[in-house]
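Single-structure report; data block below.
Here, each number is a calculation from the coordinates, and none is a lab measurement. Note that the coordinates shown come from a computational prediction; the quantities given were computed from them, not determined experimentally. With ideal geometry, Cβ positions are generated from the backbone for all residues, glycine too; neighbour counts draw on all protein chains shown.
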Amino acid sequence: MRFALCIALFALSAAAFTQAAGRTNPDLGRVLWEPPDWNFPENVKATVPEEMLTTLRVSNYEIKLEETSINDVRQRLGGVIGRKGDAGDASEWLCFRGADANGRWVLWLENGEIDGDFVGSFQWQRLSNRDVLDGRCRVLGKGDSLVQLPLSLGLGIRSSEVLKRLGPPTSRDGERLVYVHEHEAGEARAGDPFISSNIVVVHIRNGLVWAIQASKTISD
């Protein structure tokens, strides 16, 4: 029940994954600013024995989910903090853009109501030729536009490599691989344990990784 509530709260912190996050111009395609929705499958029980993905490096700056504040990231990497929602249902994010040998990408670092001041999740996604990013998405300079994930995960790797490095997914929905881990992380005042959850979602297109989503949440 706690895990389902945690997922529900986290899902509310983002905008639609399959829809434009900003205005749409039929000649230009999507204009992206808000992070997409996870669209997390219901009734998924944790199966992964250990945390998988709780840190990342952006331009050689290490970000730890639930430990690094979104304001610290802004001070280090720049950017504009986006905000939406009301009290009890508020979210913030930073949007960055870059490119590699295989094309352009966008990275959202997210802070939901459940995360306090910390970055609780990220989404790293390849862009199509028609996708247009809002001007508030900060451009990372050449040589600095590098995102590094543990386990040698990254955009453009083969799905077979994902399975080799992460193992069998908790859930598979078409070309989406979902990995869920949770463990007790101390005891709350009422005596019930805190639950720490780590979720990784990998989106595959044409046999290659198109997007990676990861979150860490702690709830009672």
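Listed by chain and number, the aspartates and glutamates whose C-alpha is less than 18 Å from the C-alpha of residue 64, apart from same-chain residues fewer than 8 away, are 50, 51, 72, 92, 110, 113, 115, 117, 182.
Around the amide H of residue 84, modelled in the peptide plane, lie the amide H atoms of 91, all under 5 Å away and 5 or more residues distant in sequence or on another chain. Applying the Karplus relation 6.51 cos²θ - 1.76 cosθ + 1.60 with θ = phi - 60° to segment 96-111 yields 3J(HN,Hα) values of 10, 10, x, 8, 9, 5, 9, x, 7, 9, 10, 10, 10, 10, 10, 10 Hz, where x marks Gly and Pro.
Among 157, 81, sorting on how many other beta-carbon atoms sit within 10 Å of each Cβ, with the fewest leading, yields 81, 157. Checking every one of the chymotrypsin sites (Phe, Trp or Tyr not before Pro) in segment 112-220 against DSSP loop status and a limit of 12 other Cβ atoms within 10 Å picks out no site at all. With R₀ fixed at 22 Å, the C-beta to C-beta distance from residue 151 to residue 99 puts the FRET efficiency at about 0.45. Given their separation in residues at 0.36 nm each and the Cα-Cα distance between them, residue 117 and residue 76 gain 13.2 nm when the chain is fully extended.
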